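Below is one structure; the comments refer to it alone.
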Amino acid sequence: MTIQDFDIQVATAQHADYAQQICDEMAESAKARGTGIAQRSPEYVADKMLEGKAVIALYKDGTWAGFCYIETWGHGDFVVNSGLIVNPQFRKVGLAKAIKHKIFDLSRSKYPDAKIFGLTTGLAVMKINSELGYEPVTYSELTQDEEFWSGCKSCVNYDILTMKERKNCMCTAMMFDPAEKQKEVEDKVKKITHKATLLERIEAAIKKGIGQDIKIF
C-alpha cells in the first residue's frame, strides 16, 4: 500500500455519507490518545463538505481513509485546519501529511490573507506544520473569538485551559502568517539584490584597476 493508492480531493455533497464514520473515528482517536479534540456532529462535518471547506481521502476501493476541514474565525482573519483524522487501517503511509498539504493549499486559495493556525498535541502534526511554514506562537496571538474557544469545552483538558486563563494548555499553538512570510521573501530579495550590487561594484573596480595597469605599461 502506497500513497498513490489514495484519492485525496476536496470533499463535496457526494461524500456526506461518510460523515458519521469520520465523527466516530474522531471520538475514538481522542479517547485513545487521552487528549481532546473538539467534537463535531455528522451534520456539521457534512455541511463542511457541502461548503467545499473539507478534504477527504478515499482508498482505491472507495473506503474512507482520511479527512480534515476548514473553520474561519474573526471575520475570516483567522483560519483553522481542524479535525485531521486518518482511518486506523490506513496509517503509516503518509496520508496525514498529504491531507494536511491539500487542506493547507485549499485554505490559502480560499483565504489568501488569513492567518492559518492550529492547536495540537501531536508531534507528527507539529512536524508537518513546520514543513508548511507554521511557527510556534503564544495563545494571545490566536483568535479571541469566544466561539472558537468554546469548541475546547469537549476536550478533556478544558479545565487546564480555563485555570490558566487561556494563556496556554496541553496543546502547542502554531501559525502560518502570510504577511510575515511575504516580508521574509522581500527581505531575502533585498539581501540578494544587495549582494548582486556589491559584486557588480567589485567587478567594476577590478576592471578599472586592470585598465589602469595596462595604461601604465
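What follows draws every value from the coordinates through simple rules; no lab data is involved. Keep in mind the model is a prediction, meaning the values are calculated, not measured. Don't worry about glycine lacking a Cβ; one is built from the backbone with ideal geometry, like all the others, and counts go over all protein chains shown.
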Of the trypsin sites (Lys or Arg not before Pro) in the stretch 101-168, which ones lie in a loop per DSSP and count no more than 13 other C-beta atoms within 10 Å? Lys164, Lys167
Long-range amide H contacts for Cys169: which residues qualify at under 5 Å (H placed 1.01 Å from N, peptide plane, sequence gap of 5 or more or a different chain)? none
What distance in nm lies between label points placed 7 Å from Cα along the C-beta direction at Lys164 and Leu123? 1.9 nm
Charge sum, other residues only, whose C-beta stays under 13 Å from Gln144's C-beta, Lys/Arg counted +1 and Asp/Glu -1: -3
Qualifying GluC sites (Glu not before Pro) for the stretch 158-207 [loop in DSSP, other Cβ within 10 Å: at most 12]: Glu165
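Rounded to whole Å and sorted largest first, what semi-axes of the equivalent ellipsoid does the C-alpha gyration tensor of the stretch 64-217 yield via the square root of 5 times each eigenvalue?
Value: 48, 19, 14 Å, ordered largest first.
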Between Glu180 and Gln14, take the C-beta separation as r, use R0 = 35 Å, and let me know the FRET efficiency to the nearest 0.05. 0.40
Can you tell me the dipole magnitude for the stretch 3-176 around its Cα centre, using point charges on the Cβ only (Lys, Arg +1; Asp, Glu -1), in Debye to the nearest 20? 520 debye
Other-chain or far-sequence residues with amide H under 5 Å of Phe176's (modelled H): Ile116, Phe117, Glu135
Those GluC sites (Glu not before Pro) in the stretch 1-78 that DSSP places in a loop and that have at most 14 other beta carbons within 10 Å: Glu51
Hey, can you grab everything whose amide H is under 5 Å from the amide H of Thr63? Only 5+ residues off in sequence or another chain; H modelled, so Pro and N-termini drop out. none
Mind listing the phi-derived Karplus ³J(HN,Hα) values for the stretch 164-174, rounded to whole Hz, using 6.51, -1.76 and 1.60 with θ = phi - 60°, and x for any glycine or proline? 8, 6, 6, 7, 6, 7, 6, 7, 8, 8, 9
Can you tell me the length gained on complete extension of the stretch Leu199 to Ser130, counting 0.36 nm per residue apart and subtracting the Cα distance? 21.4 nm
Distance-filtered residues of the stretch 109-148 - backbone nitrogen under 14 Å, label point 7 angstrom along Lys97 Cα→Cβ: 124-133
Students often forget the sequence filter, so: which lysines lie under 20 Å Cα-Cα from Lys190 once same-chain residues fewer than 8 apart are removed? Lys181
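Add -39500 (n - 2.57) for each DSSP H run of 4 or more in the chain, then divide by its residues: what number comes out at 222 nm, to the nearest 500 deg cm²/dmol?
Rounded to the nearest 500, the figure is -15000 deg cm²/dmol.
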